[in-house]
Amino acid sequence: MATFVLFGGTGDLAKRKIIPALFSAFVNCRVDKDFSFIGAAREKIDDAEFRKRVEASITTYASKDGAPDPEKVQAFLALTFYAKIDAREATDFESLKQRLHTSETNATLFYLATGPDIFIPIVEQLSKHGLVEGNARVVVEKPLGRDAQSAKEINQSLRCYLKENQIYRIDHYLGKEMVQNLLALRFANLFLEPLWNRKWIQDVQISIAEQVGVETRGDFYDHTGALRDMVQNHLLQLVSIVAMEPPVNANPDAIRDEKVKVLRALHKFTPEEVSKKTVRGQYRAGAVDGKPVIGYHNEAGVPGNSRTETFVAIRAEINNWRWAGVPFYLRTGKRMASRSAEITINFKPIPYSIFGQSQGPMRSNRLVISLQPEESVELFMKAKEPGEGIRLSDVALNLDFAEASNQRRVESYERLLLDAMHGDLTLFVRDDELSAAWEWIDPIMNAWKNDSEGLKSYIAGSWGPAAASYLLAQNGAAWGEEFVDN
């Protein structure tokens, strides 16, 4: 990949995530020798001013392992340029064209870190100026649409100018090392596959909890909400990987074929089922890590009467032979008690205990796959506690990936940028995946629009509304943090 063009190059996402990821790939010699980076935005600034901003971004957000090497920063900046581009000004794209030389071998990656409303104008102008021919690729950020119809229209418009294999719909959760390891765990270990079905699994829980509030995104978030922002993409992508059938091989389309089958098999809720199988909440003032925080209604850019959800819990079901009858509990929220993302596979309890009733209720075996803050896999089994008599307790067989490998951990954005540069579509969302996800989400959104009573409040720093616990308790289940062995 010769040239990386970043639309929205002066924006927050570029500053916090994309530029640091690009610099990390450069420092670790993961980009081509003839690589160059062009930031594009509407601001009238020159190369020198943009380089100052890029340097500030690197210094602030790319220094997890200490201060960046000044020589490497300067070497990266020497390959960095700026183009003033208004998405609706054809002449701006003409000047961009003069700086690019796309061909079958000399490829360009266009990253659209902008609002979805200007995706199509940008791609249209790129096409009119012959910039998406040959080996050019386009990365589009979420949210891609607000519902099934708008997503369909965006996809159709993109395909007017691009081939499907040129479109990289990014979901940064798919770039996490542990998400990819989930494929390896499932399909490279014989002992798991016979247990990975309704006969042996009681339920599956997928939870993404954030301690932060909406921060500076109040206006954007209030028009989006947790269902669109997290469930439609991140959570449903994790569901599809956990539940998919073995693909015929590891090729991108073979994997994505199986993922879309899961999304299409998700049971679509009726309006009556939405009220029974979903919970939505909104945080009010509380404390996170011992520090007071304001409620959602007091966040900048949020209307005082907003009914946008910052928390969602759902009991989902997959209508196929492998998973029929197994609840998939999905949960995400802001201002939660801790920052975590994990997948828990709860296996069914043993049919009979030879140790009698003195043990009390025991939690069944479970496989816990942690995505953040640390990546790990823990298989919880029962073992005897030391001492007289037999008293059982949980013992975790722990695979800590930070300790198991001395190799550098690649952040999700860096991995996905490199995959896009190399033309690997495995970890990007295909159009039919996106459509299937929205088609499942739409009935929930529509039911919520007509429900003026269903929004629950929860204290910032808690685990969400009590109704989310009741959602599981109806089936004798509990979220991981709620279960205490006797």
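The values are calculated or read from the model by the stated rules, or taken from the named source; none is laboratory data. Remember, predicted model here, so these are calculated numbers, not experimental data. With ideal geometry, Cβ positions are generated from the backbone for all residues, glycine too; neighbour counts draw on all protein chains shown. Keep in mind that these areas ignore ligands, DNA and RNA; they rest on the heavy atoms of the full protein, side chains included. Shrake-Rupley method; radii C 1.70, N 1.55, O 1.52, S 1.80 Å.
Summary table below
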{"quantity": "Coil-residue GluC sites (Glu not before Pro) of region 418-486, DSSP, other Cβ within 10 Å capped at 10", "calculated": "Glu453"}
{"quantity": "Pair-distance profile P(r), taking every C-alpha pair of region 425-486, with 5 angstrom steps and integer %", "calculated": "4, 12, 13, 14, 17, 16, 15, 8, 2, 0"}
{"quantity": "DSSP-defined beta bridges in the chain - what % are antiparallel, rounded to 5", "calculated": "55 percent"}
{"quantity": "In Å², nearest 10: area of Lys72 left accessible to a 1.4 Å probe", "calculated": "90 Å²"}
{"quantity": "Above-threshold pairs, the threshold being 27 Å between Cα atoms, out of Lys15/Lys97; Lys52/Lys334; Lys259/Lys382", "calculated": "Lys52/Lys334; Lys259/Lys382"}
{"quantity": "Percent carbon-and-sulfur accessible area, the chain, ignoring ligands, DNA and RNA, probe 1.4 Å", "calculated": "51 percent"}
{"quantity": "Exposed chymotrypsin sites (Phe, Trp or Tyr not before Pro) absent: longest stretch of the chain, with sites in DSSP loops and at most 10 other Cβ within 10 Å deemed exposed", "calculated": "1-190"}
{"quantity": "Semi-axis lengths, Å, region 95-224, gyration tensor of Cα atoms, sqrt of 5 times eigenvalues", "calculated": "36, 22, 15"}
{"quantity": "Per-residue [θ]222 nm for the chain (sum of -39500 (n - 2.57) over DSSP H runs n ≥ 4, rounded to 500)", "calculated": "-9000 deg cm²/dmol"}
{"quantity": "Projected-area mean, region 19-118, by convex hull of Cα positions, square nanometres", "calculated": "7.4 nm²"}
{"quantity": "Mean accessible surface per residue for region 161-284, computed with a 1.4 Å probe while every protein chain stays in place, in Å²", "calculated": "39 Å²"}
